[in-house]
1. Residues that are of a type in the set (Phe, Trp, Tyr), surrounded by 12 or more Cβ atoms within 10 Å (Cβ to Cβ) and within 13 Å of the chain's Cα centre (by Cα): which strands (runs of 3 or more DSSP E) entirely in the stretch A:1-85 hold 3 or more of them?
2. Go through the stretch A:32-76 residue by residue and tally those that are of a type in the set (Ser, Thr, Tyr), in contact with a Lys or Arg (Cβ under 7 Å, 6 or more places away or on another chain) and closer than 20 Å to B:GLN44 by Cα.
3. If you take the residues of the stretch B:6-59 that are more than 9 Å from every other protein chain (Cβ to nearest Cβ) and of a type in the set (D, E, K, R), which of them is nearest to the chain's Cα centre (by Cα)?
4. Taking B:SER74 as the residue in question, decide whether it is within 17 Å of A:ASN100 (Cβ to Cβ) and either out of contact with any Phe, Trp or Tyr (no Cβ under 7 Å at 6 or more places or on another chain) or at pLDDT 95 or above (or both).
5. What residue, of B:ARG55, B:ARG100, is free of Cβ contacts under 8 Å to residues at least 40 places away in the same chain and surrounded by fewer than 20 Cβ atoms within 10 Å (Cβ to Cβ)?
6. Would you please list the contacts, defined by Cβ atoms under 7 Å and residues six or more apart or on different chains, that run from a residue in the stretch A:24-48 that is within 12 Å of A:SER93 (Cα to Cα) to a residue that is outside any strand (DSSP E or B) and among the polar types (S, T, N, Q)?
Amino acid sequence: GENVEQHPSTLSVQEGDSAVIKCTYSDSASNYFPWYKQELGKRPQLIIDIRSNVGEKKDQRIAVTLNKTAKHFSLHITETQPEDSAVYFCAASRGGSQGNLIFGKGTKLSVKP
Amino acid sequence: EAGVTQSPTHLIKTRGQQATLRCSPISGHTSVYWYQQALGLGLQFLLWYDEGEERNRGNFPPRFSGRQFPNYSSELNVNALELEDSALYLCASSLAGYVRYGYTFGSGTRLTVV
């Protein structure tokens, strides 16, 4: 079945450094790739997404890249801050424009001041 | 605008019992999704409902079931509870299953099976 692999499972960086989280997906029909941030005890919240017709998207300190040929996408956070500490989930859409999301197992990011 | 609401917030059940979890989507959203978040296992897809119909199901046993009502709210039922069913159950909604507009999650129901 459809699968999304996410690495690493934990990531610790110093404040101000960059963090990169990588995901691969198996469904060739996937065309939407969101990233969610979940702070401790809170609901997952969408932070950035990318569609299959775009290779890169930026939003301030956050960027996402997509390589459809290799079926992988990555989240890049620059100039990390302690408030970036959370669990990050990547996801890929199942099928075409309508469907459900398949999530990776998450990356726990710790930003040390 | 109200977000996705879930009830109850916490639920404690005994092994073998049944649990019922409820979700109200954002106004105008017709699709409801259920996910199980167990420790270390990420967000595992359970069920997707749209317009009252089950559209897709994850790799869970039949004792996990649900339904969607005419007002688009949804109910998740877990029968014959097992200890490993203890988890946070998250509901999300979207516009007619068009996931490219993203999901909005509720705050979840924490189910504890003892």
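The values are calculated or read from the model by the stated rules, or taken from the named source; none is laboratory data. What you see is a predicted model, and the numbers here were worked out from it, not measured in a lab. So basically every Cβ, Gly included, is an ideal-geometry build from the backbone, and we count neighbours across all protein chains shown.
1. Working: elements: A:4-7, A:10-14, A:19-25, A:32-38, A:45-51, A:56-59, A:62-67, A:72-77.
Of the strands (runs of 3 or more DSSP E) lying wholly inside the stretch A:1-85, those with at least 3 residues that are of a type in the set (Phe, Trp, Tyr), surrounded by 12 or more Cβ atoms within 10 Å (Cβ to Cβ) and within 13 Å of the chain's Cα centre (by Cα) span A:32-38.
2. Quick first cut of the stretch A:32-76, residues of a type in the set (Ser, Thr, Tyr) only: A:32, A:36, A:52, A:65, A:69, A:74.
Still in the list and also in contact with a Lys or Arg (Cβ under 7 Å, 6 or more places away or on another chain): A:32, A:52, A:74.
Right, trim to closer than 20 Å to B:GLN44 by Cα and you get A:32.
Residues that pass the stated criteria total 1.
3. Taking the candidates together, the pick is B:ARG22.
4. On the way: within 17 Å of A:ASN100 (Cβ to Cβ): yes; either out of contact with any Phe, Trp or Tyr (no Cβ under 7 Å at 6 or more places or on another chain) or at pLDDT 95 or above (or both): yes.
For B:SER74, the condition - within 17 Å of A:ASN100 (Cβ to Cβ) and either out of contact with any Phe, Trp or Tyr (no Cβ under 7 Å at 6 or more places or on another chain) or at pLDDT 95 or above (or both) - is met.
5. Numbers: B:ARG55 fails: free of Cβ contacts under 8 Å to residues at least 40 places away in the same chain.
The unique qualifying residue is B:ARG100.
6. From the stretch A:24-48, the pairs are A:SER26/A:ASN3; A:ASN31/A:SER52.
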